[in-house]
1. Just checking: which of the helices (runs of 4 or more DSSP H) contained wholly in region B:16-122 hold 3 or more residues that are at pLDDT below 65?
2. Under 7 Å by Cβ, and 6 or more places apart or on different chains, what pairs join a residue from region B:20-36 that is within 8 Å of chain A (Cβ to nearest Cβ) with one that is assigned to a loop (DSSP other than H, G, I, E, B)?
3. Let me spell it out: the conditions are (1) within 7 Å of another protein chain (Cβ to nearest Cβ); (2) within 24 Å of residue B:165 (Cβ to Cβ), and residue A:66 meets all of them except one. Which number is the exception?
4. Taking residue B:9 as the residue in question, decide whether it is under 22 Å from residue B:59 (Cβ atoms), at pLDDT below 90, more than 9 Å from chain A (Cβ to nearest Cβ) and over 16 Å from the mean Cα position of the chain (by Cα).
5. Only one of (1) assigned to a helix (DSSP H, G or I); (2) surrounded by fewer than 19 Cβ atoms within 10 Å (Cβ to Cβ); (3) within 16 Å of the chain's Cα centre (by Cα) is not met by residue A:10, so which one is it?
6. Can you pull out every residue in region A:15-26 that is in a helix (DSSP H, G or I), in contact with a helix residue (DSSP H, G or I) (Cβ under 9 Å, 6 or more places away or on another chain) and either at positive phi or surrounded by fewer than 20 Cβ atoms within 10 Å (Cβ to Cβ) (or both)?
7. Against the condition under 17 Å from the mean Cα position of the chain (by Cα) and either closer than 24 Å to residue B:151 by Cα or not in a helix (DSSP H, G or I) (or both), how does residue A:50 come out, does it pass?
């Protein structure tokens with residue numbers, strides 16, 4: 001696998017959307033290619049940071065009460 | 001007596017549906033906030049989502065992914081109400097090609113992985129909210145909610161390839177937005193700045 005192939009699969013690798021065979025190929029390439037490994041680490045961190053930062057906060061209590069009246 | 005029993009069973013089923021649906025409220029509200037970027041609009045959007053879900057609850061198949069079903073209702077409402085129609089009218093996909101490779105050609109455009117941890121949460125949220133809606137909604141579904149590509153494709157009503165290309169572009173935009181912010185706020189210095 002070359003860098004172009006690896007980058008083409010990187011999103012799917014990060015998102016666990018590859019087949020086992022593809023996954024192993026990407027993993028082998030990353031182990032021997034520091035620039036691709038850097039990009040991989042960046043992608044993983046980006047996904048993690050976005051998740052953590054956007055997954056905060058709860059719905060206002062008034063909204064919850066209104067919905068309970070509508071639903072029940 | 002049979003009618004009474006039937007009615008009781010219906011009520012129980014209705015309550016189960018309502019309980020499960022309201023269990024997704026915080027998640028939906030956060031998604032609505034990111035989509036509308038406005039707390040009042042987010043509340044309206046979520047309330048309308050639940051009203052519609054209740055009306056069409058027979059179309060929900062028990063045991064399937066209710067969060068995905070609710071998100072599909074919500075994003076359709078969002079596009080109808082706030083964006084004046086179907087998102088396909090506002091295509092950003094262009095030729096659908098992945099523009100993957102310039103990051104490697106220009107290493108200075110790539111922040112180090114741990115730089116992201118030094119950026120405040122509200123700046124990350126702000127960057128997500130700056131993405132075009134078609135890209136933002138994919139980030140919400142895959143990165144924030146953890147939907148598989150197939151599930152996200154079903155919520156959005158697009159092929160998996162479209163999910164992938166939008167996600168890829170969205171992440172590149174996010175990298176750039178956050179890197180620009182990191183430079184402007186002095187969290188990171190580019191080689192050019194040091195010269």
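The values are calculated or read from the model by the stated rules, or taken from the named source; none is laboratory data. Owing to the predicted nature of the structure, the values given are computational and were not obtained by experimental measurement. For neighbour counting, all protein chains shown are included, and Cβ atoms are generated from backbone atoms with ideal geometry for every residue, glycine included.
1. Helices (runs of 4 or more DSSP H) meeting the threshold: B:102-105.
2. Matching pairs, first to second residue: B:25/A:59; B:26/A:58; B:26/A:59; B:29/A:59; B:30/A:55; B:30/A:57.
3. All conditions pass for residue A:66, except number (2).
4. Values: under 22 Å from residue B:59 (Cβ atoms): yes; at pLDDT below 90: yes; more than 9 Å from chain A (Cβ to nearest Cβ): yes; over 16 Å from the mean Cα position of the chain (by Cα): yes.
Taking the combined requirement at face value, the residue satisfies it.
5. Of (1) assigned to a helix (DSSP H, G or I); (2) surrounded by fewer than 19 Cβ atoms within 10 Å (Cβ to Cβ); (3) within 16 Å of the chain's Cα centre (by Cα), only one is false for residue A:10: (2).
6. Initial filter on region A:15-26 (in a helix (DSSP H, G or I)): A:20-26.
From what's left, in contact with a helix residue (DSSP H, G or I) (Cβ under 9 Å, 6 or more places away or on another chain): A:22-23, A:25-26.
Within region A:15-26, A:22, A:23, A:25 meet the criteria.
7. Details: under 17 Å from the mean Cα position of the chain (by Cα): yes; either closer than 24 Å to residue B:151 by Cα or not in a helix (DSSP H, G or I) (or both): yes.
For residue A:50, the condition - under 17 Å from the mean Cα position of the chain (by Cα) and either closer than 24 Å to residue B:151 by Cα or not in a helix (DSSP H, G or I) (or both) - is met.
Conditions tested, residue by residue: (1) more than 10 Å from chain A (Cβ to nearest Cβ); (2) surrounded by fewer than 19 Cβ atoms within 10 Å (Cβ to Cβ); (3) over 11 Å from the mean Cα position of the chain (by Cα); (4) touching a residue at least 40 places away in the same chain (Cβ under 8 Å).
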residue: B:123; (1), (2), (3), (4): no, yes, yes, yes
residue: B:137; (1), (2), (3), (4): yes, no, no, yes
residue: B:150; (1), (2), (3), (4): no, yes, yes, no
residue: B:153; (1), (2), (3), (4): yes, no, yes, no
residue: B:161; (1), (2), (3), (4): yes, yes, yes, yes
